[in-house]
1. Compute the Cα gyration tensor for segment 22-177, then decide on rounded, prolate or oblate, letting a ≥ b ≥ c be the square roots of its eigenvalues: rounded whenever a/c is under 1.5, prolate when a/b is larger than b/c in the other cases, and oblate in all that remain.
2. Starting with the fewest neighbours, write out T28, T96 ranked by other beta-carbon atoms found within 10 Å of each beta-carbon.
3. How far is helix 88-108 tilted, in degrees, relative to the longest principal axis of the Cα atoms in the chain, given as a value from 0 to 90 rounded to the nearest 10?
4. Considering segment 6-88, what Rg and Dmax in Å follow from its alpha-carbon atoms?
5. Between the helical axis of 119-152 and the dominant principal axis of the chain, each derived from Cα atoms, what acute angle in degrees is found, rounded to the nearest 10?
6. Can you give me the angle between helix 3-59 and the longest principal axis of the chain, using Cα atoms only, in degrees from 0 to 90, rounded to the nearest 10?
7. Along the charge dipole of the chain, pointing to its positive end and built from +1/-1 on Cβ of Lys, Arg, Asp and Glu, which listed residue (A11, V79, L51) has its Cα farthest out?
8. Report the relative contact order of the chain, percent, no decimals, based on alpha-carbon pairs under 8 angstrom and at least 6 residues apart.
Amino acid sequence: MSMGNWIGIAAIVFLTGYVVMIYNNLVTLKHAVSKYLANIDVLLKQRHDELPKLVDTCKRYMAHEQDTLNQITEARSKVAGAQASGDMAALGVAETAMRAGLGKLFAVVEDYPELKADQSFQHLQQRISGLENSISDRREIYNESVNNNNVRIEQFPDVIIANFFGFKAFDLLEFEDQELADVSVGELFS
């Protein structure tokens with residue numbers, strides 16, 4: 001075999017290896033996005049399960065705050081619907097409404113010292129507060145993985161492989177402007 005044939009074979013092997021490496025990296029990024037979204041889903045489900053307990057506990061004390069409790073219940077349903085459909089924009093809007101409702105609820109609790117002293121309420125408040133912090137952390141990780149994926153599928157030469165194999169961009173999990181000015185639930189009780 002001549003030197004030209006060896007160079008041609010080496011170039012084909014190198015290019016094939018390079019394409020496989022890019023493809024595998026894109027697959028890894030795609031699955032990282034799915035994994036981080038699943039992590040958010042777990043926390044949202046845990047919070048979703050805790051909210052009815054919180055609302056029931058509050059109902060015993062807060063007869064005049066039915067609108068606030070209804071707002072939380074409605075927001076909980078919207079979060080679940082957006083989560084089930086995978087609509088990141090709707091999830092962002094629903095999450096903003098949920099957090100606003102919780103912030104309002106925890107602020108109103110100041111007017112109900114018996115509720116504020118209730119052990120069940122305190123436990124639920126701490127649990128939901130912890131879940132809120134975890135959800136916030138996971139949102140950041142999810143958005144970073146989405147950004148990494150979206151940048152890679154637009155960079156050359158990855159864009160060629162991404163287009164050929166049908167890799168798609170993901171939507172960031174974004175929230176309303178009021179979410180950026182969110183009040184810490186824990187601070188409402190100090």
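Values in this text are rule-based calculations from the coordinates and carry no lab data. Just so it is clear, the model here is predicted, and its values are computed rather than measured. Note: ideal-geometry Cβ built from the backbone for every residue, glycine included; neighbour counts use all protein chains shown.
1. Prolate.
2. T28, T96
3. Tilt of helix 88-108: around 30 degrees.
4. 24.4, 84
5. Between the helix axis and the principal axis of the chain, the angle is about 20 degrees.
6. In the chain, helix 3-59 runs at an angle near 10 degrees to the longest axis.
7. Comparing the listed Cα positions along the dipole, A11 ranks first.
8. 31
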